[in-house]
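Single-structure report; data block below.
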Amino acid sequence: MFKFFQNVPSFGKIYLSLEGMKEKLLGKSLDELRELCSELSLPSYSAKQIADWLYRKRVSSIDLMTNLSLKTRSVLAERFEVGAVMPSYTAVSRDGTKKYLFDCGSFVEAVMIPDEERYTLCVSSQRGCKMGCKFCMTGRQGFKGNLDAAQILSQFFFIEEAELLTNAVFMGMGEPLDNLSEVLRAIECLTAEWGVGWSPKRITLSSIGVNSSLVKGEVSPLEKFLDGCKAHLAISLHNPFSVERALMIPTEKGFPLEKTMEIIKRYDFTGQRRVSFEYIMFKGLNDSLRHADALVKMLRGLECRVNLIRFHDIGDTEFVPSDMAVIERFEERLQKAGVVATLRASRGQDIEAACGMLSGIKERNK
Ligand code: SF4
(Lines give C-alpha, C1' and ligand atoms only; values in the text may rest on other atoms or scores of the structure.)
Protein backbone atom coordinates (compact mmCIF):
# COMPACT_ATOMS: atom_id res chain seq x y z
CA MET A 1 0.00 0.00 0.00
CA PHE A 2 1.36 3.41 -0.88
CA LYS A 3 -0.88 6.32 -0.01
CA PHE A 4 -0.31 10.02 -0.27
CA PHE A 5 -2.61 12.60 1.22
CA GLN A 6 -1.94 16.00 -0.20
CA ASN A 7 -2.60 18.84 2.21
CA VAL A 8 -3.87 16.68 5.09
CA PRO A 9 -7.47 17.95 5.47
CA SER A 10 -7.47 18.42 9.25
CA PHE A 11 -4.30 20.50 9.08
CA GLY A 12 -3.97 22.26 5.73
CA LYS A 13 -1.28 24.71 4.73
CA ILE A 14 -3.17 27.80 5.77
CA TYR A 15 -0.82 28.63 8.65
CA LEU A 16 2.15 28.70 6.35
CA SER A 17 0.57 31.48 4.35
CA LEU A 18 -1.11 33.34 7.21
CA GLU A 19 1.95 33.45 9.41
CA GLY A 20 4.57 35.72 7.94
CA MET A 21 8.12 36.39 8.97
CA LYS A 22 7.39 37.15 12.61
CA GLU A 23 9.45 35.83 15.50
CA LYS A 24 8.42 32.34 16.56
CA LEU A 25 7.14 31.45 20.02
CA LEU A 26 7.59 27.70 19.64
CA GLY A 27 11.04 26.81 20.96
CA LYS A 28 11.17 29.59 23.55
CA SER A 29 11.95 28.64 27.14
CA LEU A 30 9.84 29.79 30.06
CA ASP A 31 12.53 32.35 30.97
CA GLU A 32 12.50 33.74 27.43
CA LEU A 33 8.70 33.93 27.50
CA ARG A 34 8.93 35.84 30.81
CA GLU A 35 11.39 38.26 29.22
CA LEU A 36 9.17 38.90 26.22
CA CYS A 37 6.11 39.41 28.45
CA SER A 38 8.07 41.99 30.41
CA GLU A 39 9.24 43.70 27.18
CA LEU A 40 5.65 43.88 25.90
CA SER A 41 4.35 45.01 29.33
CA LEU A 42 2.14 41.92 29.56
CA PRO A 43 1.27 40.38 32.94
CA SER A 44 4.13 38.11 34.12
CA TYR A 45 1.76 35.14 34.69
CA SER A 46 1.05 35.17 30.92
CA ALA A 47 4.45 33.52 30.31
CA LYS A 48 3.37 30.28 32.03
CA GLN A 49 0.02 30.41 30.23
CA ILE A 50 1.76 30.79 26.85
CA ALA A 51 4.13 27.89 27.64
CA ASP A 52 1.11 25.80 28.48
CA TRP A 53 -0.61 26.63 25.18
CA LEU A 54 2.58 25.91 23.23
CA TYR A 55 3.83 22.72 24.87
CA ARG A 56 0.80 21.09 26.52
CA LYS A 57 -2.19 22.14 24.43
CA ARG A 58 -0.05 22.62 21.31
CA VAL A 59 -2.09 25.27 19.57
CA SER A 60 -1.01 26.45 16.15
CA SER A 61 -2.12 30.07 16.49
CA ILE A 62 -2.02 32.84 19.10
CA ASP A 63 -5.78 33.37 18.50
CA LEU A 64 -6.41 29.98 20.09
CA MET A 65 -4.76 30.96 23.43
CA THR A 66 -8.16 31.72 24.84
CA ASN A 67 -7.28 32.33 28.49
CA LEU A 68 -5.13 35.31 27.43
CA SER A 69 -7.10 38.51 27.16
CA LEU A 70 -7.94 39.75 23.65
CA LYS A 71 -5.59 42.68 24.23
CA THR A 72 -2.71 40.39 25.28
CA ARG A 73 -3.27 38.20 22.23
CA SER A 74 -3.30 41.17 19.92
CA VAL A 75 -0.12 42.70 21.43
CA LEU A 76 1.59 39.32 21.17
CA ALA A 77 0.45 38.71 17.58
CA GLU A 78 1.89 42.03 16.40
CA ARG A 79 5.42 40.71 16.82
CA PHE A 80 5.09 36.95 17.19
CA GLU A 81 3.59 33.85 15.66
CA VAL A 82 3.47 30.30 17.01
CA GLY A 83 5.71 29.05 14.19
CA ALA A 84 3.79 25.80 13.66
CA VAL A 85 4.45 23.84 10.48
CA MET A 86 1.74 21.39 9.52
CA PRO A 87 2.49 18.17 7.64
CA SER A 88 1.93 18.43 3.90
CA TYR A 89 1.99 14.73 2.99
CA THR A 90 1.84 11.36 4.66
CA ALA A 91 2.71 7.93 3.35
CA VAL A 92 1.53 4.88 5.27
CA SER A 93 3.35 1.57 5.11
CA ARG A 94 1.79 -1.88 5.25
CA ASP A 95 3.55 -2.40 8.60
CA GLY A 96 2.00 0.76 10.12
CA THR A 97 5.11 2.94 9.75
CA LYS A 98 4.06 6.41 8.66
CA LYS A 99 6.19 9.01 6.99
CA TYR A 100 5.26 12.69 7.25
CA LEU A 101 6.65 15.45 5.06
CA PHE A 102 6.87 19.01 6.36
CA ASP A 103 7.49 21.90 4.00
CA CYS A 104 10.19 23.97 5.71
CA GLY A 105 11.36 25.71 2.54
CA SER A 106 12.16 22.25 1.21
CA PHE A 107 10.62 19.02 2.43
CA VAL A 108 11.86 17.36 5.59
CA GLU A 109 10.72 13.99 6.87
CA ALA A 110 9.51 12.64 10.19
CA VAL A 111 8.79 8.94 10.49
CA MET A 112 6.43 7.49 13.07
CA ILE A 113 7.24 3.84 13.89
CA PRO A 114 4.63 1.94 15.94
CA ASP A 115 5.83 -1.16 17.76
CA GLU A 116 3.35 -2.74 20.18
CA GLU A 117 3.16 -0.23 23.05
CA ARG A 118 5.85 2.05 21.66
CA TYR A 119 5.41 4.87 19.19
CA THR A 120 8.82 6.18 18.15
CA LEU A 121 9.28 9.32 16.09
CA CYS A 122 12.35 9.65 13.90
CA VAL A 123 12.96 13.40 13.65
CA SER A 124 14.88 15.57 11.17
CA SER A 125 17.18 18.36 12.31
CA GLN A 126 18.31 19.87 8.99
CA ARG A 127 17.14 20.36 5.42
CA GLY A 128 19.56 18.02 3.69
CA CYS A 129 22.98 17.41 5.23
CA LYS A 130 26.59 18.53 4.81
CA MET A 131 28.18 15.24 5.82
CA GLY A 132 27.83 13.54 2.43
CA CYS A 133 27.73 9.91 3.60
CA LYS A 134 27.91 7.87 0.42
CA PHE A 135 25.11 5.45 1.31
CA CYS A 136 22.59 8.12 2.36
CA MET A 137 19.94 9.74 0.18
CA THR A 138 19.88 12.87 2.37
CA GLY A 139 23.66 13.17 2.06
CA ARG A 140 23.30 13.11 -1.71
CA GLN A 141 20.80 15.99 -1.63
CA GLY A 142 23.41 18.33 -0.17
CA PHE A 143 22.78 20.93 2.52
CA LYS A 144 19.88 23.38 2.26
CA GLY A 145 19.73 24.79 5.78
CA ASN A 146 19.17 24.19 9.48
CA LEU A 147 15.75 23.65 11.00
CA ASP A 148 14.86 25.95 13.87
CA ALA A 149 13.41 24.61 17.12
CA ALA A 150 9.84 25.44 15.98
CA GLN A 151 10.28 23.31 12.86
CA ILE A 152 11.78 20.48 14.91
CA LEU A 153 9.00 20.63 17.52
CA SER A 154 6.30 20.79 14.83
CA GLN A 155 7.32 17.26 13.81
CA PHE A 156 6.35 16.13 17.33
CA PHE A 157 3.28 18.24 17.91
CA PHE A 158 1.33 18.29 14.67
CA ILE A 159 1.21 14.68 13.57
CA GLU A 160 -1.86 12.56 14.15
CA GLU A 161 -0.08 10.35 16.71
CA ALA A 162 1.32 13.30 18.74
CA GLU A 163 -0.38 12.18 21.96
CA LEU A 164 0.74 8.57 21.53
CA LEU A 165 4.47 9.17 21.09
CA THR A 166 6.62 7.37 23.65
CA ASN A 167 10.14 7.90 22.22
CA ALA A 168 12.05 10.03 19.75
CA VAL A 169 15.27 9.57 17.82
CA PHE A 170 17.12 12.42 16.12
CA MET A 171 17.97 10.10 13.26
CA GLY A 172 16.10 11.68 10.35
CA MET A 173 17.49 14.12 7.81
CA GLY A 174 20.59 16.02 8.86
CA GLU A 175 23.39 15.75 11.38
CA PRO A 176 21.92 16.97 14.71
CA LEU A 177 25.31 17.93 16.15
CA ASP A 178 25.74 20.30 13.19
CA ASN A 179 22.64 22.19 14.39
CA LEU A 180 23.17 21.66 18.07
CA SER A 181 21.80 24.90 19.54
CA GLU A 182 18.35 24.43 17.94
CA VAL A 183 18.34 20.69 18.72
CA LEU A 184 19.20 21.38 22.39
CA ARG A 185 16.51 24.07 22.49
CA ALA A 186 13.92 21.57 21.18
CA ILE A 187 15.09 18.91 23.66
CA GLU A 188 14.77 21.42 26.51
CA CYS A 189 11.16 22.20 25.49
CA LEU A 190 10.41 18.47 25.35
CA THR A 191 11.98 17.63 28.71
CA ALA A 192 11.42 20.72 30.91
CA GLU A 193 8.77 20.65 33.59
CA TRP A 194 7.23 23.82 32.02
CA GLY A 195 7.39 22.10 28.60
CA VAL A 196 6.21 18.65 27.54
CA GLY A 197 7.73 17.02 30.62
CA TRP A 198 9.28 13.98 28.89
CA SER A 199 12.15 12.17 30.57
CA PRO A 200 15.38 12.64 28.56
CA LYS A 201 15.62 8.84 28.59
CA ARG A 202 12.91 8.85 25.92
CA ILE A 203 15.16 10.71 23.47
CA THR A 204 18.19 9.48 21.49
CA LEU A 205 20.41 11.65 19.34
CA SER A 206 22.21 9.89 16.52
CA SER A 207 25.41 11.32 15.05
CA ILE A 208 28.40 10.44 12.94
CA GLY A 209 30.42 12.01 15.82
CA VAL A 210 31.13 15.72 15.32
CA ASN A 211 34.09 15.68 17.66
CA SER A 212 35.79 19.00 17.04
CA SER A 213 34.67 22.58 16.74
CA LEU A 214 35.40 24.88 13.83
CA VAL A 215 36.19 27.55 16.40
CA LYS A 216 39.69 27.04 17.79
CA GLY A 217 39.76 26.27 21.48
CA GLU A 218 35.98 25.72 21.67
CA VAL A 219 34.56 22.49 23.05
CA SER A 220 33.26 20.09 20.37
CA PRO A 221 29.52 19.71 19.58
CA LEU A 222 29.70 16.08 20.78
CA GLU A 223 30.94 17.17 24.21
CA LYS A 224 28.50 20.10 24.30
CA PHE A 225 25.65 17.66 23.73
CA LEU A 226 26.91 15.23 26.38
CA ASP A 227 27.32 18.11 28.85
CA GLY A 228 24.15 19.96 27.83
CA CYS A 229 21.45 17.30 28.27
CA LYS A 230 20.86 13.75 29.45
CA ALA A 231 19.41 12.22 26.27
CA HIS A 232 20.94 9.00 24.95
CA LEU A 233 23.61 8.96 22.26
CA ALA A 234 23.85 6.73 19.16
CA ILE A 235 26.97 6.86 16.98
CA SER A 236 26.81 5.90 13.30
CA LEU A 237 29.91 3.73 13.30
CA HIS A 238 29.57 1.47 10.22
CA ASN A 239 33.26 0.55 10.02
CA PRO A 240 35.95 0.26 12.71
CA PHE A 241 38.83 0.94 10.28
CA SER A 242 39.44 4.62 9.65
CA VAL A 243 40.61 4.36 6.02
CA GLU A 244 37.61 2.18 5.10
CA ARG A 245 35.15 4.30 7.10
CA ALA A 246 36.33 7.40 5.24
CA LEU A 247 35.20 5.80 1.97
CA MET A 248 31.62 5.68 3.32
CA ILE A 249 31.64 8.70 5.63
CA PRO A 250 33.95 11.37 4.16
CA THR A 251 33.89 13.38 7.41
CA GLU A 252 35.89 10.57 9.07
CA LYS A 253 38.91 12.61 7.95
CA GLY A 254 37.86 15.65 9.99
CA PHE A 255 36.06 13.82 12.80
CA PRO A 256 37.93 10.53 13.23
CA LEU A 257 36.13 7.72 15.01
CA GLU A 258 39.14 7.23 17.27
CA LYS A 259 38.61 10.70 18.74
CA THR A 260 34.85 10.10 19.10
CA MET A 261 35.59 6.94 21.09
CA GLU A 262 38.13 8.77 23.22
CA ILE A 263 35.49 11.42 24.11
CA ILE A 264 32.75 8.85 24.76
CA LYS A 265 34.98 6.85 27.11
CA ARG A 266 35.35 9.96 29.29
CA TYR A 267 31.60 10.00 30.04
CA ASP A 268 29.54 7.70 32.24
CA PHE A 269 27.16 5.37 30.44
CA THR A 270 26.76 2.88 33.26
CA GLY A 271 23.66 4.56 34.73
CA GLN A 272 20.50 5.94 33.13
CA ARG A 273 22.17 7.31 30.03
CA ARG A 274 22.97 4.91 27.20
CA VAL A 275 25.33 4.92 24.25
CA SER A 276 24.74 2.68 21.25
CA PHE A 277 26.43 2.19 17.90
CA GLU A 278 24.62 1.92 14.58
CA TYR A 279 26.26 -0.47 12.14
CA ILE A 280 24.74 -0.63 8.66
CA MET A 281 25.87 -3.82 6.97
CA PHE A 282 27.17 -3.61 3.40
CA LYS A 283 28.09 -6.69 1.43
CA GLY A 284 31.85 -7.22 1.27
CA LEU A 285 32.65 -3.81 2.77
CA ASN A 286 32.21 -4.06 6.54
CA ASP A 287 30.64 -7.44 7.26
CA SER A 288 33.68 -9.73 7.71
CA LEU A 289 34.85 -11.32 10.96
CA ARG A 290 37.92 -9.07 10.73
CA HIS A 291 35.53 -6.11 11.11
CA ALA A 292 33.62 -7.82 13.94
CA ASP A 293 36.84 -8.47 15.87
CA ALA A 294 38.05 -4.89 15.42
CA LEU A 295 34.67 -3.63 16.62
CA VAL A 296 34.89 -5.80 19.74
CA LYS A 297 38.35 -4.39 20.46
CA MET A 298 37.18 -0.81 19.95
CA LEU A 299 34.19 -1.17 22.29
CA ARG A 300 36.06 -3.03 25.04
CA GLY A 301 35.35 -1.60 28.50
CA LEU A 302 32.32 0.42 27.35
CA GLU A 303 28.79 -0.40 28.44
CA CYS A 304 26.94 -0.16 25.14
CA ARG A 305 24.86 -1.86 22.49
CA VAL A 306 25.45 -2.40 18.77
CA ASN A 307 22.46 -2.13 16.43
CA LEU A 308 23.09 -4.04 13.22
CA ILE A 309 21.03 -2.75 10.30
CA ARG A 310 20.87 -4.41 6.91
CA PHE A 311 21.51 -1.71 4.27
CA HIS A 312 18.26 -0.44 2.76
CA ASP A 313 19.03 -0.17 -0.95
CA ILE A 314 18.55 3.41 -2.22
CA GLY A 315 19.37 2.54 -5.84
CA ASP A 316 22.14 3.88 -8.04
CA THR A 317 25.00 3.15 -5.60
CA GLU A 318 27.81 0.64 -5.42
CA PHE A 319 26.49 -0.48 -2.01
CA VAL A 320 24.70 -3.80 -1.65
CA PRO A 321 23.00 -5.19 1.49
CA SER A 322 24.88 -7.98 3.29
CA ASP A 323 23.48 -11.51 3.09
CA MET A 324 21.41 -12.50 6.11
CA ALA A 325 23.68 -15.47 6.89
CA VAL A 326 26.70 -13.13 6.98
CA ILE A 327 24.87 -10.70 9.27
CA GLU A 328 23.95 -13.52 11.63
CA ARG A 329 27.57 -14.74 11.70
CA PHE A 330 28.73 -11.18 12.48
CA GLU A 331 26.13 -10.79 15.24
CA GLU A 332 27.13 -14.11 16.80
CA ARG A 333 30.82 -13.14 16.80
CA LEU A 334 30.02 -9.93 18.68
CA GLN A 335 27.75 -11.66 21.15
CA LYS A 336 30.31 -14.41 21.86
CA ALA A 337 32.83 -11.69 22.69
CA GLY A 338 30.37 -10.16 25.18
CA VAL A 339 29.13 -7.25 23.04
CA VAL A 340 25.35 -6.73 23.17
CA ALA A 341 24.28 -6.76 19.52
CA THR A 342 20.86 -6.91 17.92
CA LEU A 343 19.68 -6.97 14.36
CA ARG A 344 17.21 -4.12 13.85
CA ALA A 345 14.27 -4.82 11.57
CA SER A 346 13.94 -2.46 8.64
CA ARG A 347 10.55 -0.75 8.74
CA GLY A 348 8.42 0.95 6.11
CA GLN A 349 10.23 -0.57 3.11
CA ASP A 350 7.23 0.16 0.85
CA ILE A 351 7.16 3.92 1.60
CA GLU A 352 10.71 4.91 0.66
CA ALA A 353 11.63 4.71 4.34
CA ALA A 354 15.38 5.24 3.86
CA CYS A 355 16.16 8.70 5.17
CA GLY A 356 15.74 11.36 2.48
CA MET A 357 14.14 9.15 -0.16
CA LEU A 358 10.54 10.33 -0.01
CA SER A 359 11.41 14.01 0.48
CA GLY A 360 13.74 13.78 -2.55
CA ILE A 361 10.96 12.38 -4.73
CA LYS A 362 8.38 14.94 -3.56
CA GLU A 363 10.88 17.80 -3.87
CA ARG A 364 11.52 16.93 -7.51
CA ASN A 365 7.76 16.85 -8.16
CA LYS A 366 6.99 20.10 -6.31
FE1 SF4 B 1 23.91 13.26 7.03
FE2 SF4 B 1 23.24 11.19 8.57
FE3 SF4 B 1 22.92 11.05 5.93
FE4 SF4 B 1 25.39 11.05 6.92
S5 SF4 B 1 23.82 9.48 7.25
S6 SF4 B 1 24.66 12.28 5.17
S7 SF4 B 1 25.13 12.40 8.70
S8 SF4 B 1 21.83 12.44 7.31
Worksheet, complete the sentence: Long-range amide H partners of LEU25, meaning residues 5 or more apart or on another chain whose placed amide H is closer than 5 Å, are GLU81, VAL82, GLY83
Worksheet item: So what is the relative contact order for the stretch 87-365, in percent, with contacts set as C-alpha pairs under 8 Å and at least six apart?
Response: 19 percent
Fill in: Accessible area expressed per residue, the chain, with surrounding protein chains retained (probe 1.4 Å, Å²)
45 Å²
Item to complete: Report in % the part of the accessible area of the chain that belongs to carbon and sulfur, leaving out ligands and nucleic acids; probe 1.4 Å.
Response: 52 percent
Discussion item. Can you compute 3J(HN,Hα) from phi for each residue in the stretch 95-107, using the Karplus curve 6.51 cos²θ - 1.76 cosθ + 1.60 with θ = phi - 60°, rounded to whole Hz and x for Gly and Pro?
Written reply: 8, x, 4, 10, 9, 10, 10, 10, 8, 10, x, 9, 6
Worksheet, complete the sentence: Within the stretch 87-365, the percent of DSSP beta bridges that are antiparallel, given to the nearest 5, stands at 45 percent
Worksheet entry | Under the Karplus curve 6.51 cos²θ - 1.76 cosθ + 1.60, θ = phi - 60°, whole-Hz ³J(HN,Hα) for the stretch 161-176, x wherever Gly or Pro sits | 8, 3, 6, 8, 4, 10, 9, 9, 10, 7, 9, x, 6, x, 9, x
Discussion item. Can you tell me how the stretch 87-365 classifies by the Cα gyration tensor, rounded, prolate or oblate, using a/c under 1.5 as the rounded cut?
Written reply: rounded
Worksheet item: Of the peptides 184-190, 74-80, how do they stack up when ordered by the mean number of other Cβ atoms within 10 Å, highest first?
Response: 184-190, 74-80
Worksheet item: Which net charge results when you count Lys and Arg as +1 and Asp and Glu as -1 among the other residues whose beta-carbon is under 15 Å from that of LYS336?
Response: 0
Practice prompt. Identify all aspartates and glutamates with a Cα-Cα distance to LYS24 below 17 Å; exclude those on the same chain that are fewer than 8 residues away in sequence.
Written response: GLU32, GLU35, GLU39, ASP52, ASP63, GLU78, GLU81, ASP103, ASP148, GLU182, GLU188
Item to complete: Quick one: which residues, 5 or more positions from GLY145 or on another chain, have an amide H under 5 Å from its amide H? H modelled 1.01 Å from N in the peptide plane, none for Pro or chain starts.
Response: ARG127
Item to complete: Give the peptides 310-320, 231-241, 139-149 in descending order of average Cβ contacts within 10 Å, highest first.
Response: 231-241, 139-149, 310-320
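The values are calculated or read from the model by the stated rules, or taken from the named source; none is laboratory data. It should be emphasised that the depicted structure is a prediction, and the values quoted were computed from it without experimental measurement. Cβ sites come from the backbone with ideal geometry, for glycine too, and all protein chains shown count toward neighbours. All accessible areas refer to the heavy atoms of the entire protein, side chains included, with ligands and DNA or RNA removed. Shrake-Rupley method; radii C 1.70, N 1.55, O 1.52, S 1.80 Å.
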